[in-house]
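Here the structure is laid out as structure tokens; the discussion comes afterwards.
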Amino acid sequence: MSKGTLADGKVGDKFDCGSRIITGTELDMFCTIGGLRLDPFLIADAAKSMGFKDRLVPGPFLFTVVFGLAGDLLKGHVHVGTDKLKVLGPVFPNDRIGLEIEIVDKKEASKGKKVFTTWRFTIKNQDDVVVFQGDNTCMHQES
């Protein structure tokens, strides 16, 4: 696995960005702050009535965690777009999720010293099952 920032990497480089546990308190706070006051996110019985084992962690929460786990890898970069965003499986409170990133494209702008890096992210749960993925593009300025 590579180290440094996306600016240091090249197409094909992969980064293991670690993992974290999603707590029920974080889920409650995110849903309240974001206005996602939907029963399957807040009430276990509502999620169970849909066939799930517990409350669900919404995709927007997972998307936010991507940037948190990526951390210093994104230093000096600005997010400019997302493609192919998919929730592929449920995430529940107390699940441990881990992030892997792979650089899939790098392009220099025709004017200026801007470089656009597209990176595929994959979140897996504690059972090594892919639950969330997509492609993000970030821009950084070459010095």
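Values computed for the structure shown
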| quantity | calculated |
| --- | --- |
| Any pair with Cβ under 7 angstrom, 6 or more apart, that starts in segment 46-66 at a residue that is closer than 10 Å to Val91 by Cα and among the hydrophobic types (A, V, I, L, M, F, W, C) and ends at one that is modelled with pLDDT of 95 or more and not in a loop (DSSP other than H, G, I, E, B) | Leu56/Pro40; Leu56/Phe41; Leu56/Ala47; Val57/Leu27; Leu62/Ile123; Leu62/Phe132 |
| Residues located in segment 72-107, provided they are touching a residue at least 24 places away in the same chain (Cβ under 8 Å) and among the charged types (D, E, K, R) | Asp72, Lys75, Asp83, Lys84, Lys86, Asp95, Arg96, Glu100, Glu102, Asp105, Lys106 |
| Residue selected from segment 65-98 under the condition among the hydrophobic types (A, V, I, L, M, F, W, C) and closer than 19 Å to Val11 by Cβ, by the criterion most open to solvent (accessible area, probe 1.4 Å) | Val80 |
| Any hit, segment 134-141, residues being surrounded by fewer than 18 Cβ atoms within 10 Å (Cβ to Cβ), over 15 Å from the mean Cα position of the chain (by Cα) and on the phi > 0 side of the Ramachandran plot | no |
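The values are calculated or read from the model by the stated rules, or taken from the named source; none is laboratory data. Since we're looking at a predicted model, the values are computed, not measured. Don't worry about glycine lacking a Cβ; one is built from the backbone with ideal geometry, like all the others, and counts go over all protein chains shown. Side chains included, ligands, DNA and RNA excluded: accessible areas come from the protein's heavy atoms. Shrake-Rupley method; radii C 1.70, N 1.55, O 1.52, S 1.80 Å.
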